[in-house]
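To start, the structure itself, in structure tokens.
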Amino acid sequence: MHELSIALEVLEMLEKNNYLEDVKIVNTIKLTIGNYSGIDKNYLEFAFQNLGDDRFSTVILDCDYNETDDIKVNEIIAD
């Protein structure tokens with residue numbers, strides 16, 4: 001399940017760049033996922049919700065799909 005490593009990488013990037021400072025909860029993560037990436041939206045959402053970080057425990061993924069094999073974080077909506 002490589003979705004867990006993707007969720008961990010996104011979390012690490014957010015923490016490294018101080019985007020989660022003073023954030024109590026992450027509500028939605030908007031992503032663009034390539035059709036050929038092999039990423040399952042449901043598994044990725046489950047991975048975020050089970051990172052052990054309560055800020056992500058109820059996060060919902062809002063995904064757009066395109067004809068590539070990459071993943072792009074478009075927006076993170078948080079309180």
query: Would you say I33 is β-branched (V, I, T) and touching a Lys or Arg at 6+ places or on another chain (Cβ under 9 Å)?
result: yes
- request: Could you grab the pairs with beta carbons closer than 8 Å, sequence gap of 6+ or different chains, first residue in the range 55-72 and touching a residue at least 24 places away in the same chain (Cβ under 8 Å), second one aromatic (F, W, Y) and surrounded by fewer than 16 Cβ atoms within 10 Å (Cβ to Cβ)?
  value: E67/Y36; T68/Y36; D69/Y36
- prompt: Only one of (1) part of a loop (DSSP other than H, G, I, E, B); (2) under 10 Å from the mean Cα position of the chain (by Cα) fails for I76. Which number is that?
  reply: (1)
message: Would you confirm whether or not the range 17-24 contains a residue that is at pLDDT 95 or above, more than 12 Å from I76 (Cα to Cα) and surrounded by 14 or more Cβ atoms within 10 Å (Cβ to Cβ)?
response: no
- request: Identify, by number, the condition in (1) farther than 16 Å from E12 by Cβ; (2) in contact with a strand residue (DSSP E or B) (Cβ under 8 Å, 6 or more places away or on another chain); (3) in contact (Cβ under 8 Å) with a residue 40 or more places away in the chain that V26 doesn't meet.
  value: (1)
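Considering only residues that are among the β-branched types (V, I, T) and in a loop (DSSP other than H, G, I, E, B), look in the range 14-28 and name the one that is farthest from S57 (Cα to Cα). Give the derivation first.
Pass one, the range 14-28, residues among the β-branched types (V, I, T): 23, 25-26, 28.
Keeping just the survivors that are in a loop (DSSP other than H, G, I, E, B) gives 23, 25.
Values: V23: 13, I25: 8 Å.
So, considering only residues that are among the β-branched types (V, I, T) and in a loop (DSSP other than H, G, I, E, B), the one farthest from S57 (Cα to Cα) is V23.
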field: Subset of the range 29-54 [loosely packed, with under 14 Cβ neighbours inside 10 Å and either outside any loop (DSSP other than H, G, I, E, B) or on the phi > 0 side of the Ramachandran plot (or both)]
entry: G38, N42, G52, D54
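Look at V10 and say whether it is closer than 21 Å to D79 by Cβ, among the β-branched types (V, I, T) and either touching a Lys or Arg at 6+ places or on another chain (Cβ under 9 Å) or modelled with pLDDT under 95 (or both). Spell out how you get there, then give the answer.
Details: closer than 21 Å to D79 by Cβ: yes; among the β-branched types (V, I, T): yes; either touching a Lys or Arg at 6+ places or on another chain (Cβ under 9 Å) or modelled with pLDDT under 95 (or both): yes.
Considered against the rule, which asks whether it is closer than 21 Å to D79 by Cβ, among the β-branched types (V, I, T) and either touching a Lys or Arg at 6+ places or on another chain (Cβ under 9 Å) or modelled with pLDDT under 95 (or both), V10 comes out as yes.
The values are calculated or read from the model by the stated rules, or taken from the named source; none is laboratory data. Small disclaimer: the values here were computed from a predicted structure and weren't measured. Using ideal geometry, Cβ is built from the backbone for each residue, glycine included, and neighbour counts are taken over all protein chains shown.
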